[in-house]
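Please read the structure below before turning to the comments.
The values are calculated or read from the model by the stated rules, or taken from the named source; none is laboratory data. Nothing here was measured: the structure is a model prediction, and the numbers come from that model. All Cβ positions, glycine included, derive from the backbone under ideal geometry; neighbour counts span all protein chains shown. The area values use the complete protein model at the heavy-atom level, side chains included, leaving out ligands, DNA and RNA. Shrake-Rupley method; radii C 1.70, N 1.55, O 1.52, S 1.80 Å.
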Amino acid sequence: MPVGHRRGSGPTGLDLDELTGAVYAADFANIQIIEVTPGSRAPRLMPTGGGPFAIALSADGRTACTADQASGTVSVINLRKGTVARPVATGDGGKSVAVEPCSGRVLVARVALIALP
């Protein structure tokens, strides 16, 4: 099943739950996560913060984090409920996110604009 199934969809990042085979895509254009599970007939859509650019799953597969470029947050998403558990402010320009598997710490890389003289 193609991830960009809707007109205007803009997947920008992917992650895979190796235990379940579910694939998750950050959809920048539609401010959501797209979940496709093995055998599913249609994707599940979950909200995020503004402009999700990257996605990372927790080691247990229960939580996803998105680097929300437009809103300057990381959205922590409860995948069972399909809802944002909490947004965490990171500043504008989040480009990448990772979850450290042992500690569960979330790391975000963002663009810093520097004015040159």
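Need pairs with beta-carbon distance below 7 Å; first residue more than 14 Å from Gly61 (Cα to Cα) and within the range 9-21, second surrounded by fewer than 18 Cβ atoms within 10 Å (Cβ to Cβ) and of a type in the set (Gly, Ala, Ser); sequence gap 6+ or separate chains.
Filtered contacts from the range 9-21: Ser9/Ala29; Gly10/Ala29; Pro11/Gly4.
Would you confirm, using the coordinates I've provided, whether Pro38 is modelled with pLDDT of 95 or more, open to solvent by 50 Å² or more (accessible area, probe 1.4 Å) and not hydrophobic (A, V, I, L, M, F, W, C)?
yes
Considering every residue within the range 15-35, establish whether at least one is more than 11 Å from the chain's Cα centre (by Cα), acidic (Asp, Glu), part of a loop (DSSP other than H, G, I, E, B) and modelled with pLDDT of 95 or more.
yes
Please find, within the range 87-113, the residue that is farthest from Pro52 (Cα to Cα) out of those that are open to solvent by 60 Å² or more (accessible area, probe 1.4 Å) and of a type in the set (D, E, K, R).
Going through the qualifying residues, I end up with Arg105.
So for the range 73-86 (the condition being in a loop (DSSP other than H, G, I, E, B), closer than 17 Å to Arg44 by Cβ and open to solvent by 70 Å² or more (accessible area, probe 1.4 Å)), does at least one residue qualify?
Looking for residues that are in a loop (DSSP other than H, G, I, E, B), closer than 17 Å to Arg44 by Cβ and open to solvent by 70 Å² or more (accessible area, probe 1.4 Å), one finds at least one in the range 73-86, hence yes.
Looking at the range 59-72 only, could you name the residues that are part of a loop (DSSP other than H, G, I, E, B) and open to solvent by less than 20 Å² (accessible area, probe 1.4 Å)?
Gly61, Gly72, listed by residue number.
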